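Everything on this sheet refers to the single structure shown next.
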Amino acid sequence: MGSRGCVRFRGIYVLPIRGKKCLIIDPKLGGSLSSIIQTSLLKEHGVELRHLSAEPIQSDCTKVVFLVRSKIDLMKFICSNVHNDISKGLQREYHVYFVPRRAVVCEKVLEDEKVHQLMTIGEYPLYVVPLDEDVLSFELDLAYKESQVDGDTSSLWHIAKAIHKLEFSFGVIPNVRAKGKASVRVADILNHMQAEEPVNSPDMVVPEINTLILLDREVDMVTPMCSQLTYEGLIDEFLHINNGSVELDASIMGVQQEGKKIKVPLNSSDKLFKEIRDLNFEVVVQILRQKATSMKQDYTEMTTTTQTVSELKDFVKKLNSLPEITRHINLAQHLSTFTSKPSFLGQLDMEHTIVEAQSYDICYEYIEEMIHKQEPLVNVLRLLILFSVTNSGLPKKHFDYLRRELLHSYGFEHMATLNNLEKAGLLKKQETKSNWLTIKRALQLVVDDTDTANPNDIAYVFSGYAPLSIRLIQHAVRSG
């Protein structure tokens, strides 16, 4: 048996329920689950797949499995589904599996709604999700908000638990470095877990992971507010990568099927993407142009001259990469419609002006103008947060004025958002003098004359700004 009610089979925890089943998934877990097991495989084993909502279950299955995060609103959906079945006289066998662990407050909701006794409760210990061959994700996208705004630090336990589970496969990590209050807390929890549940690995004399660096997000709130200029960064910026793929209209990818969406995988299994993902977008466009031109020349030569069998074989090999080239040419062409917009180019210039701390007044007036023009709210807030963070807040007069103008331009329903940003310390009144200039100089965060084609510094990712978090990691490794 695996962890609390799950059977482990070939590295995957399997829910031990036999017979025809309806698997109802928390929508946020859908992408994570698809990274581990193919939907087609579930269907082959007689599993009907549904997303959890308040709508009644449309299925004749006698066994229903809910796979959910420990969220109260999701418990209400489950209760609604069960009550609907009862009102129709339907008899089903219910199972609820919490990801990654159950919560007392959620089970209390099920008890209050008189459905707890009808259910088998378990846990599905999915703490990390493999997004690529060298990337694992906790998939805790609300952790920062929960921790900084709601005061809920349960995500720190999840992170420590995930790391501890990794240690059972790779050995105890000997060097753990933490920067920031939350990271120090994760390191402490990890130490307690190692003491309570030691990693016994007599075969593993040398651990496979030498150093773990834990870094609080709040240590570097500048970087996520800046626009990434690598190929993968821009895809995420405008098209939003989710679980290693993007979903696009079929027409963008050259498929003439009106209204149809296509999921485009973006990971290392795509050899061309692996080659170009971290390059500056302008360099990527040049590479794709060269590859397309080379393919065209090869085709012309093949049709106009006699080819040996060996030469034909080489050409066919190149043809195998044609779908990948076509895919990325279509993606790059679509991205260009965003990157060529004056609004995007103007925002890039302003990001650099703010990061370089060149002129407070110019930055302030630019943001004020964006608000009055009603530019997309997310763009305005990102620039405003960047401005606030690098200045240790805004003078009270400017803070109150911009806050008022935001609510007038975008609606008072955004008051909660502004309050949360203030609570998290991202948008605040200036109380102390900014130390951004000192940090910028000490860590060489701004690098002039970066070579985007042949970069020798991480600053090429943001065309001259080196991410603060990366500089901290570089210093930690060098002093190691």
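Side notes on the structure shown:
- Lone unmet requirement of (1) out of contact with any strand residue (DSSP E or B) (no Cβ under 6 Å at 6 or more places or on another chain); (2) in the same structural domain as Gln148 (by TED's automatic domain parsing) for Pro224: (2)
- In region 381-403, the count of residues that are surrounded by fewer than 19 Cβ atoms within 10 Å (Cβ to Cβ) and touching a strand residue (DSSP E or B) at 6+ places or on another chain (Cβ under 7 Å) is one or more.
- Condition met for Glu139 (under 30 Å from Val82 (Cα atoms), among the charged types (D, E, K, R) and buried (at least 17 other Cβ atoms within 10 Å of the Cβ)): yes
- Exclusive hit being touching a residue at least 24 places away in the same chain (Cβ under 8 Å) and either charged (D, E, K, R) or in contact with a helix residue (DSSP H, G or I) (Cβ under 9 Å, 6 or more places away or on another chain) (or both), set Arg277, Arg289: Arg277
- Being surrounded by fewer than 19 Cβ atoms within 10 Å (Cβ to Cβ) and touching a helix residue (DSSP H, G or I) at 6+ places or on another chain (Cβ under 6 Å) holds for only one residue in Gly171, Gly180, and it is Gly180.
- For the condition closer than 30 Å to Ala416 by Cα, part of a helix (DSSP H, G or I) and at pLDDT 95 or above, Ser147 does not qualify.
- Every test in (1) in a strand (DSSP E or B); (2) at pLDDT 95 or above is passed by Phe77 save one, and that test is (1).
- One residue from Val199, Val186 being at pLDDT below 95, in contact with a helix residue (DSSP H, G or I) (Cβ under 6 Å, 6 or more places away or on another chain) and closer than 14 Å to His164 by Cα: Val199
- Qualifying residue in region 81-90 (condition: small (Gly, Ala, Ser), over 30 Å from His158 (Cβ atoms) and out of contact with any Asp or Glu (no Cβ under 8 Å at 6 or more places or on another chain)): yes
- Checking Glu196 against (1) more than 16 Å from the chain's Cα centre (by Cα); (2) touching a residue at least 12 places away in the same chain (Cβ under 8 Å), the condition it does not meet: (2)
- For Ser59: the one exception among (1) part of a loop (DSSP other than H, G, I, E, B); (2) under 20 Å from Lys114 (Cβ atoms): (2)
- Lone unmet requirement of (1) farther than 30 Å from Leu472 by Cα; (2) at pLDDT below 95 for Leu331: (2)
- Long-range neighbours under 6 Å by Cβ, at least six apart or interchain, first residue crowded, with 17+ Cβ neighbours inside 10 Å within region 43-58, second among the basic types (Lys, Arg): Val47/Lys21
- Residue count for region 382-433, restricted to those that are of a type in the set (S, T, N, Q), closer than 23 Å to Gly346 by Cβ and assigned to a helix (DSSP H, G or I): 3.
The values are calculated or read from the model by the stated rules, or taken from the named source; none is laboratory data. Remember, it's a predicted structure, so these values are computed and weren't measured experimentally. Note: ideal-geometry Cβ built from the backbone for every residue, glycine included; neighbour counts use all protein chains shown.
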